[in-house]
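Visitor: Attaching a single structure in structure tokens format; questions to follow.
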Amino acid sequence: MSERPLPRFAVVGHPNKGKSSIVATLAQNDGIAIALEPGTTRENGHYPLRVDDRLLYELIDTPGFQRPRRVLAWLQAHSLSASDRPDTVRAFVTQHRDDPRFHDECQLLTPILEGAGILYVVDGAVPYSREQEAEMEILRWTGRPSLALINRIGAGDHLADWRAALGQYFQIVRDFDAVHAPFEAHLSLLRGFGQLAPEWEAPLEEATHHLRDQRRHRQHQALQLIAAALADMLTHRETGRLRDDGNRDALEHELGQRWRDWQRRREQRLRRDVEALYQHRHLRRREQALAWQPGSDLFSEQARRTWGVSRTYLATAGFGAGALGGAGIDALAAGHSLGAGALIGGVLGAAGSVFYGGKYADKLGALKVLERFTGGAEAGFGPVRDPQFGYVVLGRALEHWHQVSHRNHAGRDPLTLGDADRHWLEQLPRGQRQRLQKALQDPPRQPGDVKRRDALETAVEQAGEAFLAWRSGSL
């Protein structure tokens, strides 16, 4: 039994109409060069798309047409009838393969003559011009299945004229924004490809199922990565030796700085892991790093207002004596909002709890003696016990994941991670709020702590679903 033919598509058109952007998005490859200068692509680039080592289809990024009118004139001069047109195109390529004047045309026509379908790209933001009719006529001469894509690069809107013209040359005409098209538009385009040739319909329908499965699996993996990072960040401790005659304040400052630096590095590692999962390996990112106020406060007021939790939320999550450790429920009555009030004591290893209200500040310290020895002691800074900490890290991580997972690979602008405009946690039902609070309050502390790790992963999965629902409703 012979194997089904692999769907292959040559992406062709005039220079600077978005061909490489289309390929980058459909091949999930952000390493493809995209530039405004004509002639960025001079040689064919082959970009297969695989899911779990299964080859689904291949896209071929080609140079733009340079001399289409001269090519068409040659074809018309050497053709006797419509029946010989594909052979005439083949003869042109054979004769001019080494002619530098027609290098780009020979490059883009070669994969089409070898069996690739045609994906012709135009810019719907510019007016329709008869200049490109020679290109479309050449492609029609090849006799290959063809589809036209209108890719709006600028602000202009000339879609109606382009649709009317393209419909005379191509079997299917679609609008497709390579930078902003949602995932469902990708799948719809693949199904459109499947209509071009009967032998492509089944493999491309199968490809859409594989891509859906891949998206679900990536979401699960991304949220697992977030849960693992949360477990690390919530339980991390920096240690050092404190001699009996040593400077306790200096050691506390040193370990505190090491702890904060480690937290920032761990968050950045999470960012890179999520980006690699979605094959965004060249992404540039703009994001304010985790920041702490001078003194004992963990986060800036803005960060807590954005990603933290209110006293009302914590009440619905079952926040009480267990969450505050030694502080007890009376801390909630101190008159301070957990979302906006001053956080006293960021990392409180010595006391083992967080207090809200200035009257507790002088009783708390960040350095904890772990083990005494002759002449000194082993001291530790951390782990964090601030109930805000996990929510801030989680909110920032989910915002990054959402943007990366919805970003097309044609995007070249930096990924800008800002603040949320309202509280996403409101999407969580009460029971899920309680599970999330408990998981953040009691994270896994050892690799073999399967029960707590599963609880944290489940809580983060539910938080991720809530975040998606919130994002969908706020768009």
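The values are calculated or read from the model by the stated rules, or taken from the named source; none is laboratory data. A quick note: this is a predicted structure, and the numbers were derived from the prediction, not measured. Glycine also receives a Cβ, built like all others from the backbone with ideal geometry; neighbour counts cover every protein chain displayed.
Visitor: Residues that are more than 29 Å from the chain's Cα centre (by Cα), closer than 26 Å to Asp213 by Cα and either surrounded by 21 or more Cβ atoms within 10 Å (Cβ to Cβ) or not β-branched (Val, Ile, Thr) (or both): does segment 5-16 have at least one?
Guide: Restricting attention to segment 5-16, the residues satisfying the condition of being more than 29 Å from the chain's Cα centre (by Cα) are 5, 14.
Among the residues that remain, those that are also closer than 26 Å to Asp213 by Cα are: 5.
Next cut, either surrounded by 21 or more Cβ atoms within 10 Å (Cβ to Cβ) or not β-branched (Val, Ile, Thr) (or both) only: 5.
Among the residues of segment 5-16, at least one is more than 29 Å from the chain's Cα centre (by Cα), closer than 26 Å to Asp213 by Cα and either surrounded by 21 or more Cβ atoms within 10 Å (Cβ to Cβ) or not β-branched (Val, Ile, Thr) (or both), which makes the answer yes.
Visitor: Report every pair of residues separated by at least 6 positions or lying on different chains whose Cβ atoms are under 8 Å apart, first residue within segment 43-57 and touching a residue at least 12 places away in the same chain (Cβ under 8 Å), second of a type in the set (Asp, Glu) and surrounded by fewer than 16 Cβ atoms within 10 Å (Cβ to Cβ).
Guide: What qualifies is Val51/Asp213; Leu56/Glu206.
Visitor: Taking the options Val121, Val93, name whichever one is assigned by TED's automatic domain parsing to the domain that holds Gly64, surrounded by 16 or more Cβ atoms within 10 Å (Cβ to Cβ) and either within 38 Å of the chain's Cα centre (by Cα) or within 19 Å of Ser20 (Cα to Cα) (or both).
Guide: Only one candidate qualifies: Val121.
Visitor: Confirm whether Gly143 is surrounded by fewer than 17 Cβ atoms within 10 Å (Cβ to Cβ), over 16 Å from Tyr120 (Cβ atoms) and among the small types (Gly, Ala, Ser).
Guide: On the way: surrounded by fewer than 17 Cβ atoms within 10 Å (Cβ to Cβ): yes; over 16 Å from Tyr120 (Cβ atoms): no; among the small types (Gly, Ala, Ser): yes.
No; evaluated as a whole, the condition is false for this residue.
Visitor: For segment 228-245, name all the residues that are over 23 Å from Gly375 (Cα atoms) and out of contact with any Asp or Glu (no Cβ under 8 Å at 6 or more places or on another chain).
Guide: Answer for segment 228-245, where residues must be over 23 Å from Gly375 (Cα atoms) and out of contact with any Asp or Glu (no Cβ under 8 Å at 6 or more places or on another chain): Ala228, Leu230, Ala231, Asp232, Leu234, Thr235, His236.
Visitor: Of the residues Glu105, Glu114, which is among the acidic types (Asp, Glu), under 39 Å from the mean Cα position of the chain (by Cα) and more than 22 Å from Gln195 (Cα to Cα)? Steps first, please.
Guide: Details: Glu114 fails: more than 22 Å from Gln195 (Cα to Cα).
One residue alone meets the criteria, Glu105.
Visitor: Still on this structure, I have one more. Identify, from the list Arg215, Arg130, the residue that is modelled with pLDDT under 95 and surrounded by fewer than 20 Cβ atoms within 10 Å (Cβ to Cβ). Full working, then the answer.
Guide: On the way: Arg215 fails: modelled with pLDDT under 95.
Going through Arg215, Arg130 in turn, the sole match is Arg130.
Visitor: Follow-up. When the residues of segment 95-109 are filtered to those that are touching a residue at least 24 places away in the same chain (Cβ under 8 Å) and out of contact with any Ser or Thr (no Cβ under 9 Å at 6 or more places or on another chain), which remaining residue is nearest to Arg163 (Cα to Cα)? So that I can check it myself, show each step before the final result.
Guide: Residues of segment 95-109 that are touching a residue at least 24 places away in the same chain (Cβ under 8 Å), as a first pass: 101-105, 107-109.
Applying the additional criterion that residues be out of contact with any Ser or Thr (no Cβ under 9 Å at 6 or more places or on another chain) yields 101-103, 105.
Details: Arg101: 31, Phe102: 29, His103: 29, Glu105: 24 Å.
The qualifying residue nearest to Arg163 (Cα to Cα) is Glu105.
Visitor: Testing Ala33 on (1) modelled with pLDDT of 90 or more; (2) among the small types (Gly, Ala, Ser); (3) in contact with a helix residue (DSSP H, G or I) (Cβ under 7 Å, 6 or more places away or on another chain), one condition comes back false. Which one is that?
Guide: Status for Ala33: all satisfied but (1).
Visitor: Can you tell me which residues in segment 12-29 are in a strand (DSSP E or B) and over 15 Å from Ile153 (Cβ atoms)?
Guide: Val12 - this is the single residue of segment 12-29 that is in a strand (DSSP E or B) and over 15 Å from Ile153 (Cβ atoms).
Visitor: How many residues are of a type in the set (Gly, Ala, Ser), at pLDDT below 95 and either surrounded by 13 or more Cβ atoms within 10 Å (Cβ to Cβ) or over 22 Å from the mean Cα position of the chain (by Cα) (or both) if we restrict to segment 464-475? Steps first, answer last, please.
Guide: Looking only at segment 464-475, we keep the residues that are of a type in the set (Gly, Ala, Ser), and these are 464, 466, 469, 472-474.
Checking which are at pLDDT below 95 leaves us with 466, 469, 472-474.
Now narrow it down to the ones that are either surrounded by 13 or more Cβ atoms within 10 Å (Cβ to Cβ) or over 22 Å from the mean Cα position of the chain (by Cα) (or both): 466, 469.
Summing the residues that are of a type in the set (Gly, Ala, Ser), at pLDDT below 95 and either surrounded by 13 or more Cβ atoms within 10 Å (Cβ to Cβ) or over 22 Å from the mean Cα position of the chain (by Cα) (or both) in segment 464-475 gives 2.
Visitor: Need the failing condition index for Val51 against (1) modelled with pLDDT of 95 or more; (2) among the β-branched types (Val, Ile, Thr); (3) surrounded by 14 or more Cβ atoms within 10 Å (Cβ to Cβ), just the number.
Guide: (1)
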